[in-house]
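Participant: Before I ask anything, let me first share the structure, which is written out below as structure tokens.
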Amino acid sequence: MRALFWGNFLQVVGMSASMAYLPLIVMEMGVTDNPEIWVGYILGILFSLSFFLSPVWSGVADHFGNKPMILRAGLGMGVGYAILSFVPDLRWYIAMMVPIAFCNGYTQAVLPLIADNTPSRYMGRAISAVQTGQVLGSAVGPALGALTADYLPNYQALLLFTSAGSALAGVVAWGFVKEEWVRPQQPFSLHLLRDLRICLAIPMMGVLYLLSFVSSMAQQGSAVVAATYTLHLVREGVPTYFLTVPQWLGVITLGVTVAGTVGLPIWGRLLDRLDPVRLLMLSLLLSYLVTLAHPFVNSLW
């Protein structure tokens with residue numbers, strides 16, 4: 001549990017240190033018109049391939065264990081992002097997204113390992129501890145990017161933080177994570193459609209899948225969307241005051257993650273006292289109202 005707390009922390013620190021700067025990386029590679037389109041292509045390749053490969057890796061984990069999947073994700077993305085930090089142009093950048101997507105899925109491999117190897121009486125504490133590492137990492141990463149972006153030779157060099165964070169997360173899992181795994185007697189095989197039918201037959205699973213899908217669709221890449229909109233405001237001539245554009249990207253991303261870190265314990269306490277369904281409806285309504293105001297914002301502050 002402690003090792004995977006730090007593994008999650010390191011992996012998310014690396015990812016969030018560079019993700020908000022993806023629009024600047026694209027512009028640095030020569031895109032001057034509509035860089036957000038190319039940002040969409042890059043993220044689309046990463047998450048689409050990850051979506052199709054996720055059930056495959058889950059089937060592999062069922063036979064060979066979850067720890068090899070954690071090592072695949074951490075060490076594989078560490079190598080992939082190291083190469084990505086030196087690619088010469090946008091075509092190679094997009095091409096490198098394919099092997100990175102092939103290795104993606106550190107957190108998705110961590111949670112099943114915790115679930116399979118933790119006594120039920122400690123399950124809640126273990127899962128919350130590991131997810132706390134993820135939340136803290138999402139707060140530290142943007143700050144790291146904001147403090148260093150102006151001192152690096154280019155914005156693409158921020159991907160070295162992503163590489164180092166992922167690789168260190170893999171090393172931590174390699175050295176300190178123990179998994180009690182008994183390999184099944186039958187030969188390895190994938191039955192994706194059968195597994196899907198079994199999962200959807202579980203009561204409420206279909207509704208939970210739909211909620212997870214919609215919420216991920218709204219949240220994934222939000223740091224990049226905020227960064228792109230920040231660049232739009234700068235192009236429109238809004239004052240940047242005493243901060244540079246890269247520093248603004250870090251501050252805005254950091255604001256979201258710090259607010260989330262502060263808000264999670266508050267919502268957790270409310271969850272212990274109030275009806276979960278009503279609380280979920282309230283939080284979704286408030287999120288909708290706040291997000292609805294974003295297109296009308298015309299100031300970086």
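The values are calculated or read from the model by the stated rules, or taken from the named source; none is laboratory data. These numbers were taken from a predicted model, which means no experiment stands behind them. As a convention, Cβ positions derive from the backbone with ideal geometry for all residues, glycine included, and neighbour counts pool all protein chains shown. Ligands, DNA and RNA are stripped out before the accessible areas are found, and what is left, the full protein with its side chains, is counted by its heavy atoms. Shrake-Rupley method; radii C 1.70, N 1.55, O 1.52, S 1.80 Å.
Participant: Relative to the longest principal axis of the chain, what angle (0 to 90°, nearest 10) does the C-alpha long axis of helix 222-235 take?
Facilitator: The answer is roughly 10 degrees.
Participant: What nm value, rounded to one decimal, do you get for the distance between Phe296 and Val87 when each label is placed 7 Å out toward the C-beta?
Facilitator: The two pseudo-label positions are separated by 4.0 nm.
Participant: Taking Cα pairs under 8 Å and at least six residues apart, what relative contact order does the chain come out at, in percent?
Facilitator: 32
Participant: With springs only between Cα atoms under 10 Å apart, run a GNM on the chain and tell me which of Thr244, Thr132, Thr32 wobbles the most.
Facilitator: Evaluated over the chain, the most mobile residue of the options is Thr32.
Participant: Semi-axes of the equivalent ellipsoid of the stretch 189-236: what are they in whole Å, largest first, if each equals the square root of 5 times a C-alpha gyration tensor eigenvalue?
Facilitator: Three semi-axes, in Å: 38, 13, 5.
Participant: Give me the Å³ per residue figure for the convex hull around the C-alpha atoms of the stretch 87-195.
Facilitator: It is 174 Å³ per residue.
Participant: Right, here's the next one. At Phe213 and Val262, where each label point lies 7 Å from the Cα along Cα→Cβ, what is the point-to-point distance in nanometres?
Facilitator: Simple spin-label model gives 3.6 nm for this pair.
Participant: At 7 Å along the Cα-to-beta-carbon direction for both Thr118 and Val98, put a label point, then send me their distance in nm to one decimal.
Facilitator: 3.8
Participant: Take the Cα atoms of the stretch 1-57, find their three principal axes, and give me the spread along each one in whole Å, biggest first.
Facilitator: 46, 27, 12
Participant: Here's something else I'd like to know. Mind checking the dipole of the chain: about its Cα centre, +1 per Lys or Arg Cβ, -1 per Asp or Glu Cβ, Debye to the nearest 20?
Facilitator: Roughly 780 debye, rounded to the nearest 20.
Participant: Using only the alpha-carbon atoms of the stretch 165-301 as identical scatterers, what base-10 log of I(q)/I(0) does the Debye formula give at q = 0.11, 0.12, 0.14 Å⁻¹?
Facilitator: Debye curve over Cα of the stretch 165-301, log10 I(q)/I(0) at q = 0.11, 0.12, 0.14 Å⁻¹: -0.75, -0.86, -1.03.
Participant: Still on this model: Which angle from 0 to 90°, rounded to the nearest 10, does the C-alpha axis of helix 159-176 make with the longest principal axis of the chain?
Facilitator: Once rounded, the angle reads 20 degrees.
Participant: Between Ile94, Ile202, Ile252, which gets the highest mean-square fluctuation from a Gaussian network model of the chain, Cα cutoff 10 Å?
Facilitator: The residue with the greatest mean-square fluctuation here is Ile202.
Participant: Relative to the longest principal axis of the chain, what angle (0 to 90°, nearest 10) does the C-alpha long axis of helix 205-219 take?
Facilitator: 20
Participant: In the stretch 243-301, carbon and sulfur make up what percent of the accessible area (probe 1.4 Å)?
Facilitator: 74
Participant: Which values, in whole Å and largest first, are the semi-axes of the equivalent ellipsoid of the stretch 1-107 obtained as the square root of 5 times each eigenvalue of the Cα gyration tensor?
Facilitator: Equivalent-ellipsoid dimensions as semi-axes: 27, 16, 11 Å.
Participant: Then there's this: Between Val214, Val79, Val251, where does the largest GNM mean-square fluctuation fall for the chain, given springs only between Cα atoms within less than 10 Å?
Facilitator: Comparing Val214, Val79, Val251 in the GNM, the peak value goes to Val214.
Participant: Using the heavy atoms of the protein chains alone and a 1.4 angstrom probe, what is the accessible area of the chain per residue in square angstrom?
Facilitator: Heavy-atom accessible area per residue stands at 59 Å².
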